Amino acid sequence: MWEQIRLASIGVIDEAELELGPGFAVITGETGAGKTMVVTSLDLLCGGRADPGLVRRGESRSRVEARVMVDGDPDRVRQITDQVTEAGGELDDNTLIVSRTVSAEGRSRAHLGGVAVPAGVLGRLSEHLVTVHGQSDQHRLLRPAAQRDAVDRFGGDRIAEVLDRYRPAYTRWREVEAELRELRDQAEERLREVDRLRFGLEEIAAAEPQPDEDDDLRAEELRLAHADGLVSATAQAHEALAGTDTDGGDATSLLALANRLLEAEREHDPRLAELADRLAELAYLLADLSTDLAAYSASVDSDPVRLATVQERRAALTALTRKYGDSINEVLAWAKDAAAQLADLEGADDRIGQLEAERTELMTTLQATGAELTKARSEAAARLSERVTAEVADLAMSNAQVTVTVRPRADASDSGVDHLGPDGGDEVEFSLAANPGAQARPLGKAASGGELSRVMLALEVVLADTTDIPTFVFDEVDAGIGGSAAVEVGKRLARLARSAQVVAVTHLPQVAAFADQHYRVVKSDDGSVTTSGVQSLDETARVRELSRMLAGLEGSATAEAHARELLDLAAGERDAAAKS
């Protein structure tokens, strides 16, 4: 519910503030006083186009701000809260602050929940907050999708239940179609990939590489290629450590001599004894090293045939690493992944078969459910036509006929489901024949501004119990009517206000009399500048305002009596409605 709207320097209005409550509120005032600026301000708060012409003459900018209480339907509250949070704003105790400024240069700024946002964010949010019916705007219910939604809402649980079955099937059908298209479009590429993977796997399988084999062969090749040098080096090293010459020049003989010398004197000094122990340990190590060198030298095999075999094997492995990885281990990893990919690719034909079977089943489901949906909508459309026609008959359109037609979409075919959309295969159109014998034409083309507003009012009244929109705004919905028809407009706005907040700009006292709150836009003139403000009227002020609207002048006793009569009539209608 919109609790407060503040306006500053917009149109002829200098400053104004409306404190709104539940029920039905009207805004009245003399021609040119700026009544429609309230609706214009709401349009700005709903993301409408920022027109620099709205800025009051002599001011640098206009500003509108609203305080909205977010309550009621839990799903709607959650949607609003999520959108505000996503935009970076926040609610304060379920209260949302929305504002918009427009500069004289045409720049616009929007704020939502304390943060700056693009105007488009306000537009998306407003769909959950308010519905505006103005004389010149593109009405929401003129859009084909909104007309279909109106029929679906009027159809109630029956249509909702069919849609709950239809929509998941449609979503899955679209997914299956997309996957099939992708599989078929990529058939040639898939075949090429299968050939590439299969060739690589066959090449690797033929070589039968083993983990770390390339590193092992590299070491073996190096050893075989330098076998002579290795034998010579180790033989000479062994000779140096434990030679067979009798001159005692080898390391072992010299170390033994040093050991005997130290052993002879070790008892004379503990420190020397320690050195003698270390020398003895060194002798043992030298003996082991000498033995190992002899064994290594004997093990080195200078085998040209084996060398050639190793080199040939390494060449084969190198051919693999050039294609499939930097090492044999990476080649083996590639083979493992390739085998898995190949299994998936070779299973694509099976997958296509599975998807085609599922698609056939889904098409059957969609055709049956779509036909069921069309039948339910057609029945709801017939009832809605009767209800809306009956409503507009009391709004100075007694000979009008409103027809709601459900037909296949323009691109529908006799078979298949290609014409179906996420909400079925139906187009819904609201038509109006304003006079007997006149051809019914689409609502947006057949109705004048006033007629269209009345049809919209009738439709909103009929759909009142099926919508969660909390606020409706009507801008001169009573244009072109008067007398008893105007009373009927007032009754219907009051009836709509039982389930939603209603704000109406009107010039008819018969409509204003039914309001729970009455605001008057007052124009003053200081001789050079015209300014307007908004006054909340008490009972006495309402009588004066209604009498002005009735007689065109203030102070008429007859007009005031008539005004009180209107207020009594409205009060009686409200009491009767409350008891019914």
Amide H partners (placed H, <5 Å) of Ala400, local residues excluded: none
Extension gain (nm, one decimal) between Gln535 and Leu191, 0.36 nm per residue minus Cα-Cα: 116.0 nm
The stretch 372-386 - phi-based ³J(HN,Hα) in whole Hz, Karplus 6.51/-1.76/1.60, Gly and Pro as x: 5, 5, 4, 4, 5, 5, 4, 5, 5, 5, 5, 5, 5, 4, 5
Principal axis dimensions, largest first and in whole angstrom, of the stretch 363-407 by Cα: 48, 13, 9
³J(HN,Hα) computed for each position of the stretch 224-233 - Karplus, 6.51 cos²θ - 1.76 cosθ + 1.60, integer Hz, glycine/proline x: 5, 5, 10, 4, 4, x, 5, 5, 4, 5
Options (1) 54.5; (2) 27.9; (3) 42.1 - which one matches mean projected area of the Cα convex hull in nm² as calculated here: (1)
Computed FRET value (nearest 0.05) for Asp51 with Glu30, which takes r as the C-beta separation and R₀ as 22 Å: 0.40
Modelled label reach - Asp212, point 7 Å along Cα→Cβ, the stretch 313-332 residues with backbone N closer than 17 Å: 327-332
For Val117, residues with placed amide H under 5 Å, excluding near neighbours: Ala110, His111, Leu112
Gained length - Glu127 relative to Ala235, 0.36 nm times residue gap less alpha-carbon distance: 29.3 nm
Cα long-axis angle, helix 270-299 against the chain (0 to 90 degrees, to the nearest 10): 90
Spatially proximal lysines relative to Lys523 (Cα-Cα < 16 Å; intrachain offsets below 8 disregarded): Lys35
Proximal lysines to Lys336, defined as alpha-carbon separation beneath 25 angstrom and excluding residues fewer than eight positions away on the same chain: Lys323
Cα-based helix-to-principal-axis angle, 449-462 vs the chain, degrees rounded to 10: 70
Cβ-derived FRET efficiency at R0 35 Å, Thr309 paired with Arg260, nearest 0.05: 0.10
Relative counts (whole %) of C-alpha pair distances in the stretch 192-346, using bins that are 5 Å wide: 1, 8, 12, 11, 9, 8, 8, 7, 7, 6, 6, 5, 4, 3, 2, 1, 1, 0
Peptide ranges 93-103, 4-14 listed from the most packed, as the mean C-beta count within 10 angstrom indicates: 4-14, 93-103
FRET efficiency for Ala348 and Thr171, using Cβ-Cβ distance with R0 set to 30 Å, rounded to 0.05: 0.85
Degrees between helix 36-45 axis and first principal axis of the chain (Cα, 0 to 90, nearest 10): 10
Amide H within-cut-off set for Gln517, under 5 Å, with H built and near neighbours excluded: Phe24, Ala25, Val26
The chain: relative contact order as a whole-number percent, Cα under 8 Å and 6+ apart: 21
Highest to lowest packing among 233-242, 455-464, scored as the average C-beta count within 10 Å: 455-464, 233-242
Candidate lysines for bridging to Lys491, where Cα separation is under 17 Å - those fewer than 8 sequence places away on the same chain excluded: Lys579
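None of the figures in this text is laboratory data; all of them are computed from the coordinates on show. Being a predicted model, the structure only gives us computed values, none of them experimental. Heads up, the Cβs are rebuilt from the backbone with ideal geometry, glycines too, and the neighbour counts pull from every protein chain shown.
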